[in-house]
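One structure is given below, encoded as structure tokens.
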Amino acid sequence: MGNIIEDTVFAPLQNISEPKWWTGTPAIDPARFVIDGNDFRVSGAPLEPSDALATKMRQTFHDVGLVHVVNTGLEDLQAMRLVATQVLTKQRKYEGGANPRNKIQSNVYEVGAPLEAWLHYHHEMAYIGSSTKMLGFLAYKVPSEGGSTFVSDNVQATDQILATPFGQKLKERGLCYHRNLTDRDAFKDVQEVGVYNHWQQSMMTEDPDEAIAEARRRGLDAEWGENRSLKTRYTASAFEFFEPLDRNLLFSSMADDATWFDTWPLVQHLAPDERPLKLTFGDGSEMSVEEKQQFLDVYDQFGIPINWQVGDVALICNYRFAHGRPAVHLKDGEKRELGVLIGEDFERLEALEGKW
Ligand SMILES: [Fe+2]
């Protein structure tokens, strides 16, 4: 007892609370981003792509960075996809994913995270040099209660964080993303304890030399660790320049820290340093618990729930919004399945001088 190591093992990150997701009032009036599918379909018939719908969706995405199409009458994923791709016209081939994503159907991925885990607000693929401009979600199976996705108005979150000493530290020091990818071969006949993503899946190769080469192509420092785990490091700005607003926006969150795993089965028991992800400042210095809490809270203050009905389609700008969700608790016979579309990729510019 009293042993520091044991205390660490049994009390990981207890000081950081579960996200609150929003204040109870949406940070942006839903009237600005919800599109009623009934206005664009013949009554009784499911929603189909049309010029009028495309114009409305594109204008809304341009103005707000968020589109939620409701009352579509759709149940088929590919039909929902045709609505979404009126805005999300280019799809990225999914690479280097945080999550071991699988395809539900052609060009449609699953979220790739256990339902009992909450998923902190995050920007998709902030941890590699090549990210994506937007995401699409397709509501395929929806539970009777809960199961909402939340988005956070990142423009307001950026202003808020920059007004704090922590935000200024983020601006000056940047961030380092530490990742440990496990070896699939080491888990052939054993339970996948402590596993988030195997390097074979993340780097899409079985060849260790090719895996290292791929990591470096993605702008990561990479080296082999114990048990043939692949350790990668990526140092980058906590912000990203967004050309349409001509300013830098926050582009990082606690989702890339060890705290991401606080509610993940088979990972949550690990001490922070043993978990598959960890976030420090760019110079390697640790963030304090208070700073991590601030990082978490800032997105909660500008949250907006997206309450799904089957057939809903949402498009989310990856610069202007962060997204996440609370844990999902299903009743007997219920499912929650969202199709995910990953939009066009871009090479990160990081923060630009004078664009604050
Ligand atoms: Fe995501």
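Points to keep in mind about this one:
- Legend: translational diffusion of the chain by Stokes-Einstein, Rh = Kirkwood radius over C-alpha pairs, 37 °C, 0.692 mPa s; D = 156 µm²/s.
- Ordered by the count of other Cβ atoms within 10 Å of each Cβ, fewest first, Met203, Met287 give Met287, Met203.
- The calculated FRET efficiency for the pair Lys188 and Asn307, based on their C-beta separation and a Förster distance of 41 Å, comes to about 0.50.
- Least to most buried among Asp332, Asp297, Asp273 (fewest other Cβ within 10 Å first): Asp332, Asp273, Asp297
- Viscosity 0.890 mPa s, temperature 25 °C, Stokes-Einstein D of region 180-275 from Kirkwood C-alpha radius, µm²/s: 162 µm²/s
- Here the extension length gained between Asp29 and Ala52 equals 6.0 nm, from 0.36 nm per residue of separation less the Cα-Cα distance.
- When only the Cβ of Lys, Arg, Asp and Glu is charged (+1, +1, -1, -1), the dipole of region 220-288 relative to its Cα centre reaches about 180 debye.
- Distance between the modelled labels on Glu344 and Asp297, one decimal in nanometres: 3.9 nm (7 Å Cα→Cβ projection).
- Over 18 Å between alpha carbons, listed pairs Lys169/Lys292; Lys188/Lys231; Lys141/Lys331: Lys188/Lys231
- Rounded to the nearest whole Hz, the Karplus-based 3J(HN,Hα) values (6.51 cos²θ - 1.76 cosθ + 1.60, θ = phi - 60°) of region 164-170 follow the sequence 10, x, 4, x, 5, 5, 4, with x at glycine and proline.
- Placing unit charges on each Cβ (+1 for Lys and Arg, -1 for Asp and Glu) gives the chain a dipole about its Cα centre, and among Asn197, Tyr299, Val267 the Cα reaching farthest toward its positive end belongs to Tyr299.
- Computed [θ] at 222 nm, helices only, for the chain once each DSSP H run of length n ≥ 4 contributes -39500 (n - 2.57): -6000 deg cm²/dmol
- Pairwise centroid distance, computed over Cα atoms, of region 217-256 with region 38-95, Å: 31 Å
- Isotropically averaged projected area of region 245-304, using the convex hull of Cα atoms (one quarter of hull area), nm²: 5.8 nm²
- Dipole in debye (nearest 20) - the chain, about Cα centre, beta carbon charges: Lys, Arg +1; Asp, Glu -1: 700 debye
- In order along region 268-280, the Karplus-derived 3J(HN,Hα) couplings, from 6.51 cos²θ - 1.76 cosθ + 1.60 at θ = phi - 60°, round to 4, 7, 6, 5, x, 5, 9, 6, x, 10, 7, 10, 10 Hz, and Gly and Pro are given as x.
- Total formal charge among the other residues, if their Cβ is under 13 angstrom from that of Thr23, Lys/Arg +1 and Asp/Glu -1: -2
- Share, in percent, of DSSP beta bridges within the chain that are antiparallel, nearest 5: 95 percent
- Neighbour-count order for Thr72, Thr85, fewest beta carbons within 10 angstrom listed first: Thr85, Thr72
- 3J(HN,Hα) along region 185-201, derived from phi through the Karplus expression 6.51 cos²θ - 1.76 cosθ + 1.60 where θ = phi - 60°, amounts to 5, 6, 10, 3, 10, 10, 4, 7, 7, x, 9, 10, 8, 7, 5, 4, 6 Hz, with x in place of Gly and Pro.
Just so you know, all these numbers are worked out from the coordinates, no wet-lab data involved. If you're wondering where the values come from, they're calculated on a predicted model, not measured in any experiment. Using ideal geometry, Cβ is built from the backbone for each residue, glycine included, and neighbour counts are taken over all protein chains shown.
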